[in-house]
Each structure stands twice: as structure tokens, then as C-alpha cells.
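Working notes, beginning with the structure itself.
The values are calculated or read from the model by the stated rules, or taken from the named source; none is laboratory data. Predicted model only: the values in this text are computed from it and were never measured. Cβ sites come from the backbone with ideal geometry, for glycine too, and all protein chains shown count toward neighbours. The area values use the complete protein model at the heavy-atom level, side chains included, leaving out ligands, DNA and RNA. Shrake-Rupley method; radii C 1.70, N 1.55, O 1.52, S 1.80 Å.
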Number of protein chains: 2
Amino acid sequence: MSASVTSRALDLLGAFDADHRALTLSTLARRAGLPLATAHRLVGELQRWGALARLESGEYVIGRRLWDLGLLAPVQAGLRQAASPFLHDLYGATLATVHLAVRDGCEVLYIDRLAGHVSVPVVSKVGSRLPMHATGVGKVLLAHAPEPVRAEVLGKLTRVTPYTITQPARLLDQLRRVRAEGFATTGEEMSLGACSVAVPVRGPAGEVVAALGLVVPDLRRERARLVAALQVATQGISRVLASGQWN
Amino acid sequence: MSASVTSRALDLLGAFDADHRALTLSTLARRAGLPLATAHRLVGELQRWGALARLESGEYVIGRRLWDLGLLAPVQAGLRQAASPFLHDLYGATLATVHLAVRDGCEVLYIDRLAGHVSVPVVSKVGSRLPMHATGVGKVLLAHAPEPVRAEVLGKLTRVTPYTITQPARLLDQLRRVRAEGFATTGEEMSLGACSVAVPVRGPAGEVVAALGLVVPDLRRERARLVAALQVATQGISRVLASGQWN
DNA sequence: ACTTGCCTTCCATTGGACGGAAGGAACACC
DNA sequence: GGTGTTCCTTCCGTCCAATGGAAGGCAAGT
């Protein structure tokens, strides 16, 4: 077992998460399970390199160098850039919160998000992961995911709100309709007061590479219009993906 | 001298940049200045942790775990989110490429960018660093940077296009005007066919925390309108920064 | 069949990581 | 002002894990 020296440094970085963006040295050491003296030395090296930065308060945070290193990840390199203008058009046309997401294992990973000044209660943030069965983009991605993934997700449908779908049969039925109709919807299944519509984004070979979604307070009246807007956008993105170089 | 074990792993990560997003093991080793066997082992650890991922081709790329770790960096955590809606308004009002940037050492670091479908030749990408003396946002940030930084930048004004300002005296004069007038402009100093306007973004205490800029093909006619639009946006951002929690 | 360029594994050596302990600095409480 | 607490930093002898040369295995190219 005995952790290698490199993995210790990585464990220190792993101690940071969305709820712990700034940590003191001792907290950092505790969370990484390292002696204080060891953590101190490693943190010093990470800081010197720019992976960590130190606030005036003395707390450590993820540094700029890691930030821009992360931007080189192919998660988004092309997709995000290709989609950006279309997300913007979509926002302009709908004034709804716009989401671009991909599947990462059995979760939805949000790779871009575009919100207005005031917005519906939305949980997602760029870089956050949410369950697939309770979000619009999640249902789309799940509907087009390989069978083993679908099986695993269906096996563990956790309840988030009173409206979350937790019966496998019912979700399966919905997924079938998502494939048939080309879009997915949710109604307060992830967050009360928030409904969503989502459509798949297809790559050059027709495979689903991402999902594009809108979050609105109420879906009843506008569904048709929103789906139409989404489809315009998704077709635009696919065209760019097919033509351009997107890694 | 002798690099510590941690810093070797970091050097491997540092071998990636905007022009080298995917590297073979041997290239990686060469760029990091490490023996192949050593690089092989370290890369393996990084991959196991999720810092690196391997493509089918065998090449290594930055992994998803580093991507979302990077998103926790305070570079953008609040600023970017607070600014986002205003950037869209700005794009809507001007249809120009919109930039949000901060100063990182002696360079400009672009933390957000919003471009339309067609755009002027723009070099910047989110996460990229450009010289301060040849960009609009750079001039703004430089004008409000601490003296030692200004001195260092002025000492090395590299030429990018025929229009790049390389005389310290002339740049100093411009910086004075930037402070007095509250905005900076460039004319093809970074990229031929691209002009820019930029204004400072101020934090709660009035300090300059970022710069907001527009890139357009021609500046002559529209300058006044663009500056006005920028100022509306920058004031909105400052208001959000002052009120909300942005850290 | 030979060469060249990749990647992977092995293992004896040794130099640098390790972490307990002690020293400091800042704050709070009585 | 003494005493306790919680943080950060530095030191240094021990010892173990990182090191990297060497060798082997593919795959492509000539």
C-alpha cells in the first residue's frame, strides 16, 4: 500500500473539493491523511510550482497554473468552444439557464453553463457532477449510454425531491420516449421549482457526444418553442463539430 | 538543484501547453527532461489518479480530474460567475468578442471569453496568457499594476506586429491616459485587423481586480458607444462583487 | 532481416523523503 | 501576565522508496 511520494502530493490536491476551496495547512494535512511536517513540505513544493496559492489569510487554494492546465483537458477543448456561440444564441432566444453536459461514468458532468441575472434555483455548476436520472441532460445521455451504464444507474435511483423518478420501469419507459421523440424533460425532479428540457448533441458519426439543456420555472406552455430552439442549436453545433477540427 | 520527486511529476504536467495537448510518453519525458523509465512510472501514477488520461492512440492528455480541480481555483470562482451575465449583455449590445482578464505576474491571463459565430482574428483563448503591452485589457491592468511590475514589463516590450508599441516612453504616456480617461485602446498591436477597447473592473474597495475588453475590426466610428457599453457592464459587475460573496 | 522508434519491466544502488520533536507566532481566556 | 490553544515552520538522523541503466518486446518502416 504505502503511498508513493507522488500520490501523496496528489492526495493533497484531492483534499480540495467544491465545499472546500480554501484549506489551512493543518486541515489539508488531516484531510489527506499526512503528518503535518510532510504536508508542509509538499504543499511548499506545490505552491512554488503554482499548483497551489496562498491567500493573505494563510489558507491554501488551487493555483492558477492548475487552472489553465485543466483547460487543456480534452473534456471540453473543442466541444465547448464549438458550442459556445450557440449556447449564447440559445440564451438570447429563451432567457433560460443553458447547460452543456457530457456523461462521465454514471454521472452527468456539466461542462458549460450560461445563466442570466436572475434564475431558477439551479444546482449545477460548471465542473459539478449530478445524477443522471434526475436531470434533463442526464436523461438524454442515459438514453444513449451503453447498456452496462444504464443498468448500473437504474439499479440505484436515489430520491432527490418528492418528484424524482425512483422506479426503474418508469424511467426505462421515459428513456424509450427520449430516444423516439428526440428530447427529454424533467419536472422538479432535481430541484423544486425547476423544470428542464434537453436534447442530444451528435458528433460527426451521429453518436451522442453531449447533451444540451434548458432550465425554466415552468414547462407547460413553452415546451414546443424551447424544444425547437434547442434543436436549432444542437444542429448548429453538430455542423461545426463535423466540419472543424475538434480534437 | 536536483529536482525533488514531486516537482518531477509537476514538470511532467508542465510539459503540456496550448500547442501540446496530447503527448507520447517519450516526448513527455524529453520535454520534462526525465529519463524514460522515470517518466513512465510517474505518468502511470498520474494516470491512476486521474490527472492524466490516455487516448486510444497511446498519447497522454490532461485528465478530467485536473479539469474540475482547476475549476476550484479562485481565479474565476466568483469573478467569472459574477461577470458572466454581464458579458452576455455586452455581447448582445455590441456583437464584439468580449474578454475578461486578470493580471498574472507580468502577463494577461484570459479568464473568460465570449465570441460570436464569426469574429475578428483573435489570438486569445480562455486560459491563455498574452503580453500586457499589446492588448487592451493588458494596458488597463498594467496601468493599475504595482510599480515593480510596470517596470519589468516596460523593460521588455517585444514586438508582435508592426503596430506594437515598443518605446517605453510612449507606452507610459498611454498608461497615464488610461488612468485618466478610464479606458484603453489598441489598434492592431497584437493581431492585424483587430482593434480593442478595455476598461477596469473594480472590487469592493475600489481596487482593480480584472479588465473587461472588446475586440472589433475597426474602432474609429464606434469607440464612444463601446466604451459606454463597457462601463455599464463593469459597473454591474462591481455591484455584484460588492454585494455578493465572491471568493 | 535489419533498423529505428516506441513502450514496458526489472532490480541493485543510494540520495533524498520522512516525520517526530522542538521552536515560534498569534490569539483567547482567566 | 500567565497559561492554554491552535496554528505554522524548521531541523536532522534514519532508512526506505525513487531512481534510471539495461534489457526485452512490439510495430513500422526500409
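Report the net charge of residues surrounding B:T38, where surrounding means a beta-carbon distance below 15 angstrom and charges are Lys +1, Arg +1, Asp -1, Glu -1. Overall, the nearby charge balance is +2.
The distance between label points at A:S57 and B:Y163 comes to 4.5 nm (points 7 Å beyond Cα on the Cα→Cβ vector). Accessible surface ranking for A:L192, B:L55, B:L241, 1.4 angstrom probe, highest first: A:L192, B:L55, B:L241.
Within the accessible surface of the protein assembly as shown, defined with a 1.4 Å probe on protein heavy atoms only, the carbon and sulfur portion equals 53 percent. Cut-off under 22 Å on the C-alpha distance; same-chain residues fewer than 8 positions from A:K156 excluded. Which lysines are left, in chain and number order? The reachable lysines, counting only those whose Cα sits under 22 Å from A:K156, are A:K139. Counted by Cβ distance under 13 Å from B:S4, the other residues give a net charge of +2, where Lys and Arg count +1 and Asp and Glu count -1. Look at the stretch A:5-14: the mean tally of other chain Cβ atoms within 10 Å of its residues' Cβ atoms is 6. Above 38 Å, the calculated P(r) of the protein assembly as shown contains 29 percent of its Cα-Cα pairs.
Residue and whole-Å distance for the chain A Cβ lying nearest the axis of the A-onto-B rotation are A:G70, 1. The distance separating the Cα centre of region B:1-72 from that of region B:203-245 comes to 38 Å. Placing a label point 7 Å from the Cα of A:E222 along the Cα-to-Cβ direction, the residues of region A:50-91 whose backbone N falls under 16 Å of that point are A:87-91.
Pairwise Cα separations in chain A fall into 5 Å bins from 0 onward with the following percentages, short to long: 1, 6, 12, 15, 15, 13, 12, 10, 8, 5, 2, 0, 0. In the elastic network of chain A, a GNM with C-alpha springs shorter than 10 Å, the most mobile of A:V208, A:V199, A:V126 is A:V126. The accessible area of B:T166, taken with all protein chains in place and a 1.4 Å probe, comes to roughly 50 Å². Under the combined filter of DSSP loop state and at most 10 neighbouring Cβ atoms within 10 Å, region A:21-99 retains none of its trypsin sites (Lys or Arg not before Pro). Within region A:121-247, the percentage of alpha carbon pairs spaced more than 26 angstrom apart rounds to 19%. Placing a label point 7 Å from Cα along the Cα-to-Cβ direction at B:G155 gives distances to the equivalent points in the other copies of 6.3 nm, listed shortest first.
What dipole magnitude, in Debye to the nearest 20, does the protein assembly as shown give about its Cα centre under +1 on Lys/Arg Cβ and -1 on Asp/Glu Cβ?
20
Computed with a 1.4 Å probe over protein heavy atoms only, the accessible area of B:R202 comes to about 100 Å². With protein chains left intact and a 1.4 Å probe, residues in region A:5-70 average 44 Å² of accessible area per residue.
Of the residues B:W49, A:W67, the one with the largest accessible area comes first in the ranking B:W49, A:W67, computed with a 1.4 Å probe on protein heavy atoms.
Set the Cα radius of gyration of region A:9-75 against 2.2 N^0.38 Å, with N its number of residues, and you get 1.06.
Every helix of 4 or more DSSP H residues in chain B counts as -39500 (n - 2.57), and over all residues that averages to -13500 deg cm²/dmol at 222 nm.
Not counting the cut sites, what is the longest span of chain B without GluC sites (Glu not before Pro) that DSSP labels loop and that have at most 11 other Cβ atoms within 10 Å?
Numbers: sites that count: B:E56, B:E207.
Between exposed loop sites, the widest span is B:57-206.
Just add up the charged neighbours of A:A242: K/R +1, D/E -1, any other residue whose Cβ is under 14 Å from the Cβ of A:A242. Walk me through the intermediate numbers first.
Working: positive: A:R202, A:R239; negative: A:E207.
Around A:A242, the surrounding residues sum to +1.
Interface size, chains A and B: roughly 4600 Å² of accessible area buried, both sides included, 1.4 Å probe, rounded to the nearest 100. For region B:79-243, the dipole from Cβ point charges (+1 on Lys and Arg, -1 on Asp and Glu) about the Cα centre works out to 140 debye, to the nearest 20.
Inter-copy label distances at B:T38, shortest first and taken from points set 7 Å along Cα to Cβ: 2.2 nm. Note on B:D218: accessible area is roughly 70 Å² with a 1.4 Å probe, heavy atoms of protein only.
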